[in-house]
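Enquirer: Just passing along the structure, written as structure tokens.
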Amino acid sequence: MASSRNESQIQWGGTDAVTLSTNNARSVSDALALNVEDWDAEILINADNAGTPASGDTVDIYIHYSAGDVLGDTGDDFPTNEYAEFLCRISTYGSDAPGEDPARRSIPIRTAAKAIKLSAEGPQVASRNITLRARLITHRGQ
């Protein structure tokens, strides 16, 4: 059976990156639809610290899976920030283990959902902004 690898940039307000600049304020990406033919997926995340990283320069990444329109109002519904699933913590401080700047990490995700959103927050991003970029990579049958 033939297959293909498909890549999609995750966008934040229509742009390919988001800069986290307010401590503990959650930024939520635009929705990205998953294809019913996708059987395997992962997200590659890049976090780049705008300043010289220090202890505590971390970003927590969450995923919001949608199974469709649970409210019956014709739009996909996603978990609220409180109930989004924690994916990972990324540190841009080199003395952390792990930690580097910029930092990149890939995380496998489930593909049964109709769509996804990512969200992110950091405890110290007001003093040293962190810019995030993310890409969805899927494996799809032909």
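Enquirer: Just one of GLY72, GLY68 is more than 30 Å from ALA2 (Cα to Cα) and of a type in the set (Gly, Ala, Ser); which is it?
Expert: Going through GLY72, GLY68 in turn, just one is more than 30 Å from ALA2 (Cα to Cα) and of a type in the set (Gly, Ala, Ser): GLY72.
Enquirer: Suppose we keep only residues that are polar (S, T, N, Q) and over 24 Å from THR58 (Cβ atoms) within the stretch 1-43. Which one would you say is modelled with the lowest pLDDT?
Expert: Residue satisfying both the conditions and the ranking: SER3.
Enquirer: Looking at GLY56, GLY51, GLY68, GLY75, can you tell me which residue is of a type outside the set (A, V, I, L, M) and free of Cβ contacts under 8 Å to residues at least 12 places away in the same chain?
Expert: Unique residue meeting the criteria: GLY75.
Enquirer: Follow-up. Collect the residues in the stretch 108-142 that are of a type in the set (Ser, Thr, Tyr) and open to solvent by less than 60 Å² (accessible area, probe 1.4 Å), keeping them in residue-number order. Quick ask: steps written out before the conclusion?
Expert: Taking the stretch 108-142 as the starting set, the residues that turn out to be of a type in the set (Ser, Thr, Tyr) are 111, 119, 127, 131, 138.
Result: THR111, SER119, THR131, THR138.
Enquirer: Any residue in the stretch 53-62 that is more than 27 Å from ASN23 (Cα to Cα), open to solvent by less than 60 Å² (accessible area, probe 1.4 Å) and either of a type in the set (Phe, Trp, Tyr) or at pLDDT 95 or above (or both)?
Expert: no
Enquirer: Could you tell me whether the stretch 78-86 includes any residue that is β-branched (Val, Ile, Thr), out of contact with any helix residue (DSSP H, G or I) (no Cβ under 8 Å at 6 or more places or on another chain) and assigned to a strand (DSSP E or B)? Quick ask: steps written out before the conclusion?
Expert: From the stretch 78-86, those β-branched (Val, Ile, Thr) are 80; that's our starting set.
Okay, now just the ones that are also out of contact with any helix residue (DSSP H, G or I) (no Cβ under 8 Å at 6 or more places or on another chain), so 80.
Filter once more, so that each one left must be assigned to a strand (DSSP E or B): none.
So far as the stretch 78-86 goes, no, none of its residues is β-branched (Val, Ile, Thr), out of contact with any helix residue (DSSP H, G or I) (no Cβ under 8 Å at 6 or more places or on another chain) and assigned to a strand (DSSP E or B).
Enquirer: Please go through the stretch 68-82 and give me each residue that is surrounded by fewer than 13 Cβ atoms within 10 Å (Cβ to Cβ) and over 16 Å from the mean Cα position of the chain (by Cα), ordered by number.
Expert: Those that are surrounded by fewer than 13 Cβ atoms within 10 Å (Cβ to Cβ) and over 16 Å from the mean Cα position of the chain (by Cα): GLY68, ASP69, VAL70, LEU71, GLY72, ASP73, THR74, GLY75.
Enquirer: ILE90 is checked against (1) touching a residue at least 24 places away in the same chain (Cβ under 8 Å); (2) within 30 Å of GLN142 (Cβ to Cβ); (3) of a type in the set (A, V, I, L, M) and fails just one. What number does that condition carry?
Expert: Status for ILE90: all satisfied but (2).
Enquirer: Step by step: first the residues of the stretch 1-44, then only those that are polar (S, T, N, Q) and part of a loop (DSSP other than H, G, I, E, B), then the one that is least open to solvent (accessible area, probe 1.4 Å). Which residue is that?
Expert: Here the answer is SER29.
The values are calculated or read from the model by the stated rules, or taken from the named source; none is laboratory data. Remember, it's a predicted structure, so these values are computed and weren't measured experimentally. Backbone-built Cβ (ideal geometry, glycine too); neighbour counts: all protein chains shown. Accessible surface is based on the protein model in full, side chains and every heavy atom, while ligands, DNA and RNA are left aside. Shrake-Rupley method; radii C 1.70, N 1.55, O 1.52, S 1.80 Å.
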